[in-house]
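The numbers here are math on the coordinates, done by the rules we state, and not lab data. Computed from a prediction, not measured in an experiment: that's the story for all the values here. Cβ: placed from backbone, ideal geometry, glycine included. Neighbour counts: every protein chain shown.
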Amino acid sequence: GDSVTQMEGPVTLSEEAFLTINCTYTATGYPSLFWYVQYPGEGLQLLLKATKADDKGSNKGFEATYRKETTSFHLEKGSVQVSDSAVYFCALSGNSGYALNFGKGTSLLVTP
Amino acid sequence: KAGVTQTPRYLIKTRGQQVTLSCSPISGHRSVSWYQQTPGQGLQFLFEYFSETQRNKGNFPGRFSGRQFSNSRSEMNVSTLELGDSALYLCASSLQGRPPTDTQYFGPGTRLTVL
């Protein structure tokens with residue numbers, strides 16, 4: 001079945017450092033890919049998405065490119081801020097459409 | 001526009017009891033999905049409702065059930081609670097429930113603790 005694998009956390013970075021959170025997936029067909037973010041005490045917010053190969057999703061300085069050849073959707077940001085501290089989830093939706101299949105999440109802590 | 005609301009936010013129950021959680025979607029959204037979030041298993045899909053019909057169900061025992069009302073509000077019920085049911089239960093709503101064209105908007109969740 002479909003699955004998503006994320007790098008283990010926690011990830012600790014200093015402010016203004018470069019961020020990469022790795023995400024790879026296994027799916028049949030052509031899934032859509034998402035990054036969600038969860039701030040403490042809150043629900044999940046959609047950060048960005050990509051619906052086909054080579055698509056690049058971007059939002060709030062974060063970017064991820066849908067790489068079908070490597071089945072990856074790595075999240076990057078050039079300069080993180082303390083306010084980016086949160087848990088980041090990679091997810092896919094397969095051909096059935098309805099359900100999101102999430103990775104385990106990667107906790108990010110950005111220190112001043 | 002008001003977001004997805006879930007009530008209650010926190011709940012403590014004992015083993016064997018049953019519990020009902022409520023979710024009010026964003027106005028105009030007709031699809032409601034439920035997810036269970038635990039430290040060990042992460043986020044797992046429970047079920048999805050559209051226009052009062054369950055369209056899809058995850059791999060959970062029959063103790064987990066849900067329904068949707070004509071105003072799109074949804075409830076989920078867990079009967080005969082077990083310690084392993086302790087989790088954050090998240091509700092998400094979208095217009096039609098069809099990613100990626102439909103974005104799923106999540107509520108803050110209900111934290112259920114089973115003692």
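For B:Leu95 and B:Ser27, the difference between the fully extended length at 0.36 nm per residue and the C-alpha to C-alpha distance is 23.6 nm. Using the Cβ-Cβ distance between A:Thr26 and B:Lys57 with R0 set to 22 Å, the FRET efficiency works out to roughly 0.50. Evaluated at q = 0.10, 0.16 Å⁻¹, a Debye calculation over the C-alpha positions of the protein assembly as shown (equal weights, vacuum) places log10 I(q)/I(0) at -0.45, -1.12. Note on B:Ala2 and A:Thr5: their simple-model spin labels are 4.4 nm apart, each label 7 Å out from Cα toward Cβ. In chain B, Rg over Rh equals 0.95, where Rg is the alpha-carbon radius of gyration and Rh the Kirkwood radius from pairwise Cα distances. Candidate cross-link partners of B:Lys13 among the aspartates and glutamates, defined by an alpha-carbon separation under 16 Å and a same-chain spacing of 8 or more, comprise B:Glu82, B:Asp85. Under 22 Å of direct C-alpha separation, and excluding same-chain neighbours fewer than eight residues apart, A:Lys104 reaches these lysines: A:Lys49, A:Lys68, A:Lys77, B:Lys57. Region B:20-65 and region A:30-92 have Cα centres lying 23 Å from one another.
Evaluating 6.51 cos²θ - 1.76 cosθ + 1.60 at θ = phi - 60° for every residue in region A:17-29, the Karplus couplings come out as 6, 8, 10, 9, 10, 7, 9, 10, 9, 10, 7, 8, x Hz, glycine and proline recorded as x. Here's how it looks for B:Gly97: its modeled amide H is under 5 Å from those of B:Ser31, which are all 5 or more places away or on a different chain. Packing around the peptides B:28-39, A:77-88, taken as the average count of other Cβ atoms within 10 Å per residue, puts them in this order, highest first: B:28-39, A:77-88. Here the 3J(HN,Hα) profile of region A:101-111, calculated from phi with Karplus coefficients 6.51, -1.76 and 1.60 at θ = phi - 60°, is 9, 9, x, 6, x, 10, 7, 10, 10, 10, 9 Hz, Gly and Pro shown as x.
In whole percent, what relative contact order does chain A give with Cα contacts below 8 Å and a gap of six or more residues?
Working: 297 pairs, mean separation 41.3, N = 112.
After rounding, I find 37 percent.
Converting phi to 3J(HN,Hα) with the Karplus coefficients 6.51, -1.76 and 1.60 and the offset θ = phi - 60°, region B:27-34 yields 4, x, 7, 10, 10, 10, 10, 10 Hz in sequence order, with x at every glycine or proline.
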